[in-house]
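Structure, as structure tokens:
The values are calculated or read from the model by the stated rules, or taken from the named source; none is laboratory data. What you see is a predicted model, and the numbers here were worked out from it, not measured in a lab. Ideal geometry is used to build each Cβ from the backbone, glycine not excepted, and the neighbour counts take in all protein chains shown. SASA here: full protein model, heavy atoms, side chains in, ligands and nucleic acids out. Shrake-Rupley method; radii C 1.70, N 1.55, O 1.52, S 1.80 Å.
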Amino acid sequence: KVKICRSAPEQVPGLGHSGSGSTLLGYIGIDTIIEQMRKKTMKAGFDFNIMIVGHSGLGKSTLVNTLFKSQVSRWSSGWGGEHKIPKTVEIKAVSHVIEEGGVKMKLTVIDTPGFGDQINNENCWDPISKYINEQYEKFLKEEVNIARKKRIPDTRVHCCLYFISPTGHSLRQLDIEFMKHLSRVVNIIPVIAKSDTMTPDEKNEFKHRVRKELETHGIEYYPQNEFDDDMEDKNENDKIREAMPFAVVGSDKEFQVNGKRVLGRKTAWGVVEVENPNHCEFALLRDFLIRSHLQDLKEVTHNIHYETYRARRLNDNGGLHPISANNTQESNL
Ligand code: GDP
Ligand code: MG
């Protein structure tokens, strides 16, 4: 329902009004832009692409399935048990359309099996950074196409969840190297995996140590300080940064707690409830990733990471030559 607020309806146009917004002579309807945008977004839906990185067995597939409350990631334990660890890092993208409240999201989960599992993990982030750049290149080609699509399909990685092993000691060299290299091209969100395997004290100490190490190595994870828009943004993001990396627990098993069925894991201390903020930080991560920062993740990807790629490409090339419709396989003519 539209609420009409007339300001000063008795006044006659043109009589002594400086064009200040507070003295509109009647309702124009500017505020309906929100409803118009909502309708368009609902019709079009949107793309969200999330990459998961960390060595095998850290609960990556389980966590992503817990986040989206469905089997969006294959090869989790629930999907037919063990799968072989590949000899090199593989990139596997699987898409699903998830709909909620009439809004459609095309979710793509990009899994990276084999990462960190080799004897020699030197440069094992190469296939990952190659994949990320390839998606930027694809988008750029579509953008400079003469007959470009009205809406370019977005396969760019909006967020990379990096799983840290709950060792209680410190980050591994590989963790540091990966995040250092990749934080320049993609939004990295570090998380501490399987945090139910640590006591609350161990967990807090480990979080503190990891945060310090990230800082020492100058690793800029998302939400990056430098991209805070204003004070309100900064205050909100400061709180999130102080709570990172979130120590999470994932599960696809339900337990009966106080007469309610909840997702959880049975441990020596009892049932750890995945969505209970007193038990772990899964809910914090979900709220941050989906309920408060999903749009911002997309914007930072487009305005910062993609823009950097694009500027570099156009510079290197002395201006990218437009690709005519004939040369592309996927013309929409
Ligand atoms: P991935 O290889 O990183 O994708 O790991 P999976 O999601 O396949 O999980 C590997 C194993 O760890 C499975 O047996 C899961 O049930 C278990 N697991 C997943 N998440 C957690 C967690 O948060 N805590 C504990 N203790 N185990 C977990
Ligand atoms: Mg997996």
If residue 129 meets every condition in (1) away from ligand 1 (no atom under 15 Å from the Cβ); (2) touching a Phe, Trp or Tyr at 6+ places or on another chain (Cβ under 9 Å); (3) closer than 17 Å to residue 304 by Cα apart from one, which number is that one? (2)
Just to be sure, is residue 81 out of contact with any Phe, Trp or Tyr (no Cβ under 8 Å at 6 or more places or on another chain), open to solvent by less than 50 Å² (accessible area, probe 1.4 Å), modelled with pLDDT under 90 and on the phi > 0 side of the Ramachandran plot? yes
Considering only residues of the stretch 52-74 that are over 17 Å from residue 189 (Cβ atoms) and among the small types (Gly, Ala, Ser), which is farthest from ligand 1 (Cβ to nearest atom)? 70
Of everything in the stretch 37-69, what is at pLDDT below 95, of a type in the set (S, T, N, Q) and either open to solvent by 50 Å² or more (accessible area, probe 1.4 Å) or assigned to a strand (DSSP E or B) (or both)? Give them in sequence order. 41
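So which residues in the stretch 237-287 are of a type in the set (Lys, Arg) and open to solvent by 70 Å² or more (accessible area, probe 1.4 Å)? Before you say what the answer is, go through the steps one by one.
If we filter the stretch 237-287 for residues that are of a type in the set (Lys, Arg), which is where we start, we get 239, 241, 253, 260-261, 265-266, 286.
Within the stretch 237-287, 239, 253, 260, 261, 265, 266 meet the criteria.
Let's see how each residue does on (1) farther than 29 Å from residue 316 by Cβ; (2) surrounded by fewer than 19 Cβ atoms within 10 Å (Cβ to Cβ); (3) within 16 Å of ligand 1 (Cβ to nearest atom); (4) in contact (Cβ under 8 Å) with a residue 24 or more places away in the chain:
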residue	(1), (2), (3), (4)
101	yes, yes, no, no
107	yes, no, no, yes
153	no, yes, no, yes
189	yes, no, yes, yes
193	yes, no, yes, yes
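Given the criteria part of a helix (DSSP H, G or I), away from ligand 1 (no atom under 16 Å from the Cβ) and either over 19 Å from the mean Cα position of the chain (by Cα) or touching a residue at least 60 places away in the same chain (Cβ under 8 Å) (or both), does residue 287 qualify? Give the derivation first.
Working: part of a helix (DSSP H, G or I): yes; away from ligand 1 (no atom under 16 Å from the Cβ): yes; either over 19 Å from the mean Cα position of the chain (by Cα) or touching a residue at least 60 places away in the same chain (Cβ under 8 Å) (or both): no.
The answer is no for residue 287.
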Report, by residue number, each residue of the stretch 219-230 that is surrounded by fewer than 16 Cβ atoms within 10 Å (Cβ to Cβ), modelled with pLDDT under 95 and of a type outside the set (Asp, Glu). 225
What number of residues within the stretch 86-113 satisfy the criterion of being under 13 Å from residue 128 (Cβ atoms) and among the acidic types (Asp, Glu)? 2
Residue satisfying all of: in the stretch 163-185; open to solvent by less than 20 Å² (accessible area, probe 1.4 Å) and either outside any loop (DSSP other than H, G, I, E, B) or free of Cβ contacts under 8 Å to residues at least 24 places away in the same chain (or both); nearest to residue 200 (Cα to Cα) among these: 164
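Could you tell me whether residue 32 is open to solvent by less than 50 Å² (accessible area, probe 1.4 Å), more than 30 Å from residue 165 (Cα to Cα) and at pLDDT 95 or above?
Details: open to solvent by less than 50 Å² (accessible area, probe 1.4 Å): yes; more than 30 Å from residue 165 (Cα to Cα): yes; at pLDDT 95 or above: yes.
Answer is yes for this residue.
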When you scan the stretch 126-140, how many residues do you find that are open to solvent by 50 Å² or more (accessible area, probe 1.4 Å) and closer than 18 Å to residue 116 by Cα? 2
Assuming residue 149 fulfils every condition listed in (1) open to solvent by 20 Å² or more (accessible area, probe 1.4 Å); (2) of a type in the set (Lys, Arg); (3) within 26 Å of residue 73 (Cα to Cα) apart from one, which condition is it? (3)
Residue that is nearest to ligand 2 (Cβ to nearest atom), among those in the stretch 112-123 that are open to solvent by 10 Å² or more (accessible area, probe 1.4 Å) and without any contact (Cβ under 8 Å) to a residue 60 or more places away in the chain: 113
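For the stretch 1-29: of the residues being of a type outside the set (Val, Ile, Thr) and either within 16 Å of ligand 1 (Cβ to nearest atom) or in a helix (DSSP H, G or I) (or both), which is modelled with the highest pLDDT? Spell out the reasoning first.
Going through the stretch 1-29, the residues of a type outside the set (Val, Ile, Thr) turn out to be 1, 3, 5-11, 13-22, 24-27, 29.
Retained after the next criterion (residues that are either within 16 Å of ligand 1 (Cβ to nearest atom) or in a helix (DSSP H, G or I) (or both)): 21-22.
Numbers: 21: 56, 22: 65.
Here the answer is 22.
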Can you tell me which of 234, 239, 203, 212 is within 22 Å of residue 56 (Cα to Cα) and either in contact with a strand residue (DSSP E or B) (Cβ under 8 Å, 6 or more places away or on another chain) or assigned to a helix (DSSP H, G or I) (or both)? 203
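Collect the residues in the stretch 106-121 that are of a type in the set (Val, Ile, Thr) and in a loop (DSSP other than H, G, I, E, B), keeping them in residue-number order. Write out each step before concluding.
Let us first name the residues in the stretch 106-121 that are of a type in the set (Val, Ile, Thr), namely 108-110, 112, 119.
Hits for the stretch 106-121 are 112, 119.
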